[in-house]
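See structure below.
The values are calculated or read from the model by the stated rules, or taken from the named source; none is laboratory data. This is a predicted model, so every value here is computed, not measured. Note: ideal-geometry Cβ built from the backbone for every residue, glycine included; neighbour counts use all protein chains shown.
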Amino acid sequence: MPFLDGFLKAFFAVFGVMDPVGNVPPFLSLTGKLDSKARRRLGDKAVVRAAVILTVFVFLGNGILDAFHISIESFRIAGGIILVLLGLEIIFGFSLRGESVEAHDDVSVVPLATPLIAGPGTITSAVILAKQYGYAVTLAGIAANLALSMILFRKADTILRLLGTKGTLMFAKVMGLILVAIGVEFIRSGLGSV
């Protein structure tokens with residue numbers, strides 16, 4: 001199979017589960033209180049960390065999950081629980097993580113890098129695509145999606161300016177509810193596969 005054909009198939013397979021466009025609203029709700037420079041830095045960190053996670057899983061995915069006796073279904077349920085808790089934090093304004101200096105930095109790993117960008121579906125796709133199309137094509141498809149995610153995260157300020165202060169607050173609450181719903185879907189799909 002020619003590289004371009006494989007790349008396009010890998011790109012769209014990853015795009016469907018990673019959903020770079022759909023990740024922008026949760027990113028905005030999680031970083032709405034940060035200034036533009038801090039938001040951009042956090043978005044870049046999240047994408048880089050997701051890249052590391054996905055690269056590791058492309059090469060070692062099955063081995064890692066098998067070593068810990070974790071099924072992809074259990075991984076999906078765990079990701080869902082995390083999203084539900086973070087969504088509840090946003091809706092009700094409390095923090096399970098405390099007010100440490102690192103609290104904002106934590107969101108670049110959880111939930112942004114994983115499970116939003118490099119979620120169970122994306123990780124599963126990465127493992128399957130690597131077997132089907134090879135490492136180079138799979139990594140190229142993932143890299144293109146991550147680049148798109150980074151561009152969209154960097155344009156988040158424009159979206160925030162359009163919403164205004166009250167609009168941003170309302171948007172954050174709605175997105176908190178959507179995060180809870182995404183988490184519930186993760187849990188349902190994990191339980192449905194058992």
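The residues of the range 32-50 that are over 12 Å from residue 108 (Cα atoms) and either under 11 Å from the mean Cα position of the chain (by Cα) or among the aliphatic types (A, V, I, L, M) (or both) amount to a single one, 34.
The combined condition, being crowded, with 21+ Cβ neighbours inside 10 Å and over 24 Å from residue 51 (Cβ atoms), is not fulfilled by residue 126.
Among residues of the range 52-71 that are at negative phi, those with a Cβ under 8 angstrom from a residue that is modelled with pLDDT under 85 and assigned to a helix (DSSP H, G or I), sequence gap 6+ or separate chain, pair up as 65/72; 65/75; 71/65. A single member of 46, 50 is at pLDDT 95 or above and under 20 Å from residue 130 (Cβ atoms), and it is 50.
Once the range 44-73 is narrowed to residues that are in contact with a Ser or Thr (Cβ under 7 Å, 6 or more places away or on another chain) and β-branched (Val, Ile, Thr), the residue that is surrounded by the fewest Cβ atoms within 10 Å (Cβ to Cβ) is 72. Taken as a whole, the range 98-105 holds at least one residue that is modelled with pLDDT under 90, of a type in the set (Asp, Glu), over 12 Å from the mean Cα position of the chain (by Cα) and not in a helix (DSSP H, G or I).
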